[in-house]
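The values are calculated or read from the model by the stated rules, or taken from the named source; none is laboratory data. Not measured: the values here are computed from a predicted model. Note that each Cβ is placed from the backbone with ideal geometry, even for glycine, and that neighbours are counted across all protein chains shown.
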Amino acid sequence: MQIVKGKRYLQGRHFSTLIEMLRQSVGLWGDTNAYMFRRTPDGPVETRTYRQFLADVESLGTGLLGLGLAGNRVAVIGENRYEWAVSHTAVVNGVGVSVPLDKALPENEVATLLVRGDAEAVLYAPNFHEMMVRVAQKNQRIRHFLCMDGAAVESRLPAGDARFLSYQAVIGAGAAALAAGDRGYVDAKIDPAAMCALLFTSGTTAMSKGVMQSQTNVCSNIYSVSGVIEIYPGERGLSVLPLHHTFENTVGMYMFLYYGACICFTDGLRYFAKNLSEWKINLLLAVPLLYENIYHKLMDGIQKSGKEKLVGAMRKATRFLRVFGIDIRRKVFHQVLEGLGGSMRLCVSGAAPIDPRIIRALDDFGILFLQGYGLTETSPVATACNERVNILGSIGNPVSEVEVAVDTDSDEPGAVGEILVRGPNVMLGYYENPEASAEVLMPDGWLRTGDMGHFDKHGCIYVTGRIKSMIVMANGKKAFPEEIETLLNRIPGVRESLAWGEKEPSGGVDICTKLVVDPELLAAAAGTANAKAQIDWLWTQVRGVNAQMPAYRAVKYMLVATKDLVKTTTLKIKRPAEAELMKKLLETHGVAVRALSGKNIDALLP
């Protein structure tokens, strides 16, 4: 087994609970804005200081205790908004256990998770009101339903059901109780090792696992990341990823609050560029898909301006000057940076692999771009690149106070094995699922991630792919679809791709791919509107990809579509769902995959 321990490069401050961290931040930056947002895209901008945020958390917490919810499970659901942050923070810091739910789930799954999570109360955004009314009819265990905007649903409250309350009324009652001397919440004793949040992983309600997370898990992860990544007080971060997702929750919310940054809630993806510009955003946490869109828009703008060659030459020149400690990137590329609001300093990507070209381009333009890796089970960050170690294509070193291992018998760099993580950030286990917990939590503290990877000589780690998606060839050689897809996704006009292994009657395994294309971009790249000529052009590109890989990984059959792949709400491909889709397609039409190779299958898809 190869093991690398994380290093701390930056000083950090210690704390054992999130409320302790927040009170520290109030002491440091009490009157600095912690939040900036609008109620509607064309509405006025509202702000909340660190002091106001803490006051709201303590008032809501006191109000929830007044409802008899001490030690109970409280679900939180809704879009990213200030009240969501107050609600979750209030619950985990002296009330009970927060159960954040994915706002994109269908009603039946939300209802099921409320039962699985043993929720006694729900804090919900107003657009979930009708859903909660229907849930209330079937779920009598839930004692309180609190709408985050009580006025918006006042006329639609179910008659005779006293369980429906206004968030504003509860927070007001809590503030009054505090003023009268009630310190039950403020002085609450918090066990850092106890479960404070129950986070359901992506998947159907039957398959999703409930990750039990403690204050120690979250607080240690904030402290660990603070040892390798620096954020400055007053910087502004745009909140784009859903707050129920642990990456946004731990890093995009609590780590930003740890540093004294201001969290700005986007008005929606339609207003993304506008928000970047008007709020002078400095920090962005996002998934590769968003960065891919940013990259293509920037490069398209450069191409349309007729300055593609000039920009290319200047990228090489400024890269060369940096070798001698001369950094003029932001001056040279200030017009490019204006496309991102002009103030963007740091971008962090997680959740999936990203094309190294995107990292290289944004870095060349003067933006620090860091890639990280983690799981809900690791709260979430296990590894991250940093300003000192930022090797293109890797997911960096382990963060400080965390160990990462590759389970292999070889001592040589590059040896592939399962990635293991050990540290205080590793979850308590899966809720009411000791069998699943035992499968991933080893007796000596290591967590099996289910990902394969390897270290390089610098101790940086590279993810090869998921064990479950690994393709085993007839000769025993192994191929990872994620590696093939990374190369296929670089083909101009290809939005995304899926690679899998199809068994032949003879026992062999053929690599197949489904390319999801953008018709307009494909026509431009291929230089033709003729469908057959476009397919021929794609085959030429696929053969070029095959030339970059060992022969056993070569793509043999190619299907083309324009419909998006099936994904989770965190934009990860649902491989089992896609595999079932392809299986049904082939069975329905009574053909083998080779019969559809080189064809557009849109008409055959449901």
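What the table below lists for this structure:
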| item | result |
| --- | --- |
| Verdict on residue 110 being crowded, with 20+ Cβ neighbours inside 10 Å, within 21 Å of residue 218 (Cβ to Cβ) and within 23 Å of the chain's Cα centre (by Cα) | no |
| Selection from the range 73-111 of residues that are farther than 30 Å from residue 268 by Cβ and in contact (Cβ under 8 Å) with a residue 60 or more places away in the chain | 73, 94, 95, 97 |
| Number of the exception - residue 521 against (1) more than 24 Å from the chain's Cα centre (by Cα); (2) in contact (Cβ under 8 Å) with a residue 40 or more places away in the chain | (2) |
| Flag if residue 437 is within 18 Å of the chain's Cα centre (by Cα), under 22 Å from residue 117 (Cα atoms), of a type in the set (S, T, N, Q) and modelled with pLDDT of 95 or more | no |
| Flag for residue 141 being among the charged types (D, E, K, R) and either assigned to a loop (DSSP other than H, G, I, E, B) or outside the structural domain of residue 71 (by TED's automatic domain parsing) (or both) | yes |
| Residues being crowded, with 23+ Cβ neighbours inside 10 Å, in contact with a helix residue (DSSP H, G or I) (Cβ under 6 Å, 6 or more places away or on another chain) and within 18 Å of residue 343 (Cβ to Cβ) - total across the range 240-269 | 1 |
| Listing of helices (runs of 4 or more DSSP H) fully contained in the range 16-117 that carry 3 or more residues being in contact with a Phe, Trp or Tyr (Cβ under 6 Å, 6 or more places away or on another chain) | 18-29, 50-66 |
| Considering residues of the range 475-515 that are without any contact (Cβ under 8 Å) to a residue 24 or more places away in the chain and assigned to a loop (DSSP other than H, G, I, E, B) only, the residue farthest from residue 597 (Cα to Cα) | 476 |
| Identity of the residue in the range 114-170, loosely packed, with under 15 Cβ neighbours inside 10 Å and among the acidic types (Asp, Glu), that ends up nearest to residue 197 (Cα to Cα) | 130 |
| Extreme residue, farthest from residue 484 (Cα to Cα), among residues of the range 533-554 that are assigned to a helix (DSSP H, G or I) and of a type in the set (A, V, I, L, M) | 533 |
| Hits in the range 300-314 (condition: closer than 27 Å to residue 236 by Cα and either crowded, with 18+ Cβ neighbours inside 10 Å or in contact with an Asp or Glu (Cβ under 8 Å, 6 or more places away or on another chain) (or both)) | 302 |
| Positions within the range 572-602 being over 16 Å from residue 513 (Cβ atoms) and hydroxyl-bearing (Ser, Thr, Tyr), in sequence order | 588 |
| Residue 459, sole failed condition from (1) touching a helix residue (DSSP H, G or I) at 6+ places or on another chain (Cβ under 9 Å); (2) surrounded by 15 or more Cβ atoms within 10 Å (Cβ to Cβ); (3) over 30 Å from residue 208 (Cα atoms) | (1) |
| Complete set of residues in the range 146-159 that are touching a helix residue (DSSP H, G or I) at 6+ places or on another chain (Cβ under 7 Å) and farther than 15 Å from residue 171 by Cβ | 152, 153, 156, 158 |
| Filter result for residue 208 (surrounded by fewer than 23 Cβ atoms within 10 Å (Cβ to Cβ) and closer than 27 Å to residue 369 by Cβ) | no |
| Odd one out for residue 564, checked against (1) of a type outside the set (Val, Ile, Thr); (2) surrounded by fewer than 18 Cβ atoms within 10 Å (Cβ to Cβ); (3) free of Cβ contacts under 8 Å to residues at least 60 places away in the same chain | (3) |
| Residue among 581, 585, 571 that is within 27 Å of residue 104 (Cβ to Cβ) and either assigned to a loop (DSSP other than H, G, I, E, B) or outside the structural domain of residue 533 (by TED's automatic domain parsing) (or both) | 571 |
| Boolean, residue 190 is closer than 17 Å to residue 74 by Cα and either touching a residue at least 60 places away in the same chain (Cβ under 8 Å) or in a helix (DSSP H, G or I) (or both) | yes |
| Residue within the range 351-367 that is acidic (Asp, Glu), in contact with a strand residue (DSSP E or B) (Cβ under 9 Å, 6 or more places away or on another chain) and surrounded by 21 or more Cβ atoms within 10 Å (Cβ to Cβ) present | no |
| Single condition residue 115 does not satisfy, out of (1) within 17 Å of residue 78 (Cα to Cα); (2) out of contact with any His (no Cβ under 8 Å at 6 or more places or on another chain) | (1) |
| Selection count where residues are touching a Pro at 6+ places or on another chain (Cβ under 8 Å) and either surrounded by fewer than 18 Cβ atoms within 10 Å (Cβ to Cβ) or touching a residue at least 60 places away in the same chain (Cβ under 8 Å) (or both), scope the range 426-455 | 1 |
| Criterion (surrounded by fewer than 20 Cβ atoms within 10 Å (Cβ to Cβ) and over 25 Å from residue 466 (Cα atoms)) met by exactly one of 503, 532, 556 | 532 |
| Hits in the range 1-20 (condition: within 19 Å of residue 59 (Cβ to Cβ) and of a type in the set (A, V, I, L, M)) | 18, 19 |
| Within the range 253-270, tally of residues that are assigned to a helix (DSSP H, G or I) and at pLDDT below 95 | 2 |
| Boolean, residue 519 is touching a Ser or Thr at 6+ places or on another chain (Cβ under 8 Å) and surrounded by fewer than 16 Cβ atoms within 10 Å (Cβ to Cβ) | yes |
| Flag if residue 8 is of a type in the set (Lys, Arg) and farther than 30 Å from residue 413 by Cβ | no |
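Matching residues to (1) in contact with a Leu (Cβ under 8 Å, 6 or more places away or on another chain); (2) polar (S, T, N, Q); (3) on the phi > 0 side of the Ramachandran plot:
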{"site": "440", "(1), (2), (3)": "yes, no, no"}
{"site": "443", "(1), (2), (3)": "no, no, no"}
{"site": "446", "(1), (2), (3)": "yes, no, no"}
{"site": "450", "(1), (2), (3)": "no, no, yes"}
{"site": "459", "(1), (2), (3)": "no, no, yes"}
{"site": "474", "(1), (2), (3)": "no, no, no"}
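Here is a yes/no grid of residues against (1) among the aliphatic types (A, V, I, L, M); (2) out of contact with any Leu (no Cβ under 8 Å at 6 or more places or on another chain):
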{"residue": "79", "(1), (2)": "no, yes"}
{"residue": "117", "(1), (2)": "no, no"}
{"residue": "162", "(1), (2)": "yes, yes"}
{"residue": "165", "(1), (2)": "yes, no"}
